[in-house]
Structures are given as C-alpha cells and as structure tokens.
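First the structure, in the form of structure tokens, and then the observations on it.
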Amino acid sequence: QIYGNSMAPTLEEGQIVVSVKNGKFEQGDLVAFYIGNKLLVKRMIAGPMDTISIDSEGTVFVNGKELDEPYVTEKALGECDLTFPYQIPDSRYFLMGDHRVTSVDSRSSVVGCVAQEQIVGKILFSVWPWPASSHSVQWCPLPSACIFFPLLPDGAWPFLCIPIRFCGRSLPASL
C-alpha cells in the first residue's frame, strides 16, 4: 500500500500496488525497496555506473542527456546533499520520487543509491482503488504484464476478473 505523496501524481496515498521481482530494472520503472525496515516506492532514474546531474531547477541529466520525465508535474532539486556530476556505484540504482519537492530519495544521503538486494520488485499495476468505470481500460508498457478486460456495462465485472490499473497510465487513444 502506498503511504505518503512522494510518488504523486503517479501513485496516490492508499493505492494498493503489486510488484514482481525479476532482477531487470530499466530507467523509468517504479520499484519497491527496503530502507531499514521501511518499504518505499520510487522511480528508477539511473543504473550502475551511470553519471547523473541535476540542475538548480530540478532538470535531470543521465550520462549528459536530459531525461524526459512526463510523469513529473513540478521539477525541483528537493532535499539534495550530492555534488554533481555524480557516478552511481556498481550494483546500485539512483531512485527518485515523482513529487520532487517532497520526496526523500537517492538525492539525499538519508536514502542514497539503492543496492539491488534492497529492491523487492518492479511495480506492475495497482489493484485498488478500482477504476471508476469498466470503460476505463488501462495499460502498461510491459507487454508480459498486460491483461485487457472486456468492456462491459459499468459495474459488470465477470467473476474472478479483477479490474486493475497498470502503472497509473491510461490506454493510448491510438489503440
């Protein structure tokens, strides 16, 4: 279950999400990980041996290229005690919350770069709250995780069919 607003607007407080550990994490993935005995969810920004820089406005650069972050509604440097450019240590990941103003993440030595052993898994979809309408089929960029439900009248879900919201993204209009 999501606590706090560090991943808003992608994930909201109270959402229940499902993660799967597969060992392969890519830039942009949402991952759950342990820091101490607390389970956090953040977005994977950079991987082992990548170089990251963040300017004073909060624009993120990975290996010298500006990161396209459509999921961030307000850029901010946030709580940061790093000196840039910063090289991610081997076998570690640089993770950030989508709500950059409030998120305490890899920009801070409180969290730092996260070791692969700390990662519980990749967030694939949300199971609660349910979509308001069965016409709001959702999608996920991970083909192996995609399940499409038939479009039925509102509220008419077949038995054993759980409405899910993949990665908090809407179905593309082109499909």
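The values are calculated or read from the model by the stated rules, or taken from the named source; none is laboratory data. These numbers were taken from a predicted model, which means no experiment stands behind them. So basically every Cβ, Gly included, is an ideal-geometry build from the backbone, and we count neighbours across all protein chains shown. Ligands, DNA and RNA are stripped out before the accessible areas are found, and what is left, the full protein with its side chains, is counted by its heavy atoms. Shrake-Rupley method; radii C 1.70, N 1.55, O 1.52, S 1.80 Å.
What the table shows:
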| quantity | calculated |
| --- | --- |
| Leading residue by the ranking (surrounded by the fewest Cβ atoms within 10 Å (Cβ to Cβ)) among those in segment 89-119 that are among the acidic types (Asp, Glu) and within 14 Å of ARG43 (Cβ to Cβ) | ASP98 |
| Residue pairs meeting the criteria (Cβ under 9 Å; at least 6 apart or on separate chains; first touching a residue at least 60 places away in the same chain (Cβ under 8 Å), in segment 78-103; second of a type in the set (Val, Ile, Thr) and open to solvent by 60 Å² or more (accessible area, probe 1.4 Å)) | ASP98/THR73; HIS99/THR73 |
| Single unsatisfied condition, LEU95 versus (1) over 13 Å from PHE25 (Cβ atoms); (2) at pLDDT 95 or above; (3) touching a strand residue (DSSP E or B) at 6+ places or on another chain (Cβ under 9 Å) | (1) |
| Out of PHE33, PHE61, sole residue that is under 21 Å from VAL127 (Cβ atoms), assigned to a strand (DSSP E or B) and touching a strand residue (DSSP E or B) at 6+ places or on another chain (Cβ under 9 Å) | PHE33 |
| Selected residue (criterion: most open to solvent (accessible area, probe 1.4 Å)) from residues of segment 1-30 that are assigned to a loop (DSSP other than H, G, I, E, B) and of a type in the set (Ser, Thr, Tyr) | TYR3 |
| Members of segment 66-88 found to be open to solvent by 50 Å² or more (accessible area, probe 1.4 Å) and over 17 Å from the mean Cα position of the chain (by Cα), listed by number | GLU66, LEU77, GLU79, ASP81, THR83, PHE84, PRO85, TYR86, GLN87 |
| Count of segment 46-58 residues which are hydroxyl-bearing (Ser, Thr, Tyr) and either in a loop (DSSP other than H, G, I, E, B) or open to solvent by less than 20 Å² (accessible area, probe 1.4 Å) (or both) | 1 |
